[in-house]
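Colleague: First the structure, which I've put down as structure tokens, then a few questions once you've had a look.
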Amino acid sequence: MSKYFRVLSNPVRFKIFLDILDTACESCMDCDDISDNCVTRISKMLRIPQPTVSNHVKALMQAGLVESKRKGKNIYLFPSKQFGTGISDFSQYVIEKLAN
């Protein structure tokens, strides 16, 4: 979990990750219906250069928070199922500890 928190401690990465969570479809990685989560759109939304967004996305991918799928020139981004399972387990652990 610490690697997730370390990567998400950067405010720009956190904004990118939240945007990916908000705009991804439920099973985007498994279908051909691509969400609107591409680096170009995120770059325009945050008003930062595309290479900067790409570097932040690379860090999110290396930490296992985000997965990608290429279609044409664009790379589309999706929340990692691995992260979903990890954060769910962590949340349950915290809730149980706080309840005691």
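Colleague: List the residues whose amide H sits under 5 Å from the amide H of N37, counting only those 5 or more places along or on another chain, with H placed 1.01 Å from N in the peptide plane.
Modeller: L77
Colleague: Could you point to the label whose value was computed as P(r) over Cα pairs in 10 Å bins from 0, in percent for the structure here, given [x] 10, 19, 25, 18, 16, 10, 2; [y] 15, 54, 29, 1; [z] 15, 46, 28, 9, 2, 0?
Modeller: Given [x] 10, 19, 25, 18, 16, 10, 2; [y] 15, 54, 29, 1; [z] 15, 46, 28, 9, 2, 0, the calculated one carries the label [z].
Colleague: Find the relative contact order for the chain and round it to a whole percent, using C-alpha pairs within less than 8 Å whose residues are 6+ positions apart. Can you show the working numbers first?
Modeller: On the way: 94 pairs, mean separation 30.1, N = 100.
Here the relative contact order equals 30 percent.
Colleague: Please give every one of the lysines within straight-line cross-link reach of K71, meaning a C-alpha to C-alpha distance under 21 Å, and leave out same-chain neighbours fewer than 8 residues apart.
Modeller: List returned: K44, K58, K81.
Colleague: Which of these, I20, I75, I42, has the largest mean-square fluctuation under a Gaussian network model of the chain (Cα springs below 10 Å)?
Modeller: I75
Colleague: Just how large is the dipole of region 2-99 about the Cα centre, in debye to the nearest 20, putting +1 at every Lys and Arg Cβ and -1 at every Asp and Glu Cβ? Mind showing how you got there, number by number?
Modeller: Details: 14 positive and 10 negative charges, 124 e Å.
Roughly 600 debye, rounded to the nearest 20.
Colleague: Peptides 43-54, 58-69, 84-95, 5-16: what's the order by average Cβ count within 10 Å, highest mean first?
Modeller: Values: 43-54: 13.2, 58-69: 18.2, 84-95: 11.4, 5-16: 15.0.
The peptides rank, most packed first, as 58-69, 5-16, 43-54, 84-95.
Read the figures in this text as sums done on the coordinates, not as results from a lab. Everything numeric here is computed off the predicted structure, so don't read it as measured data. Reconstructed Cβ throughout: ideal geometry from the backbone, glycine too, with neighbour counts over all protein chains shown.
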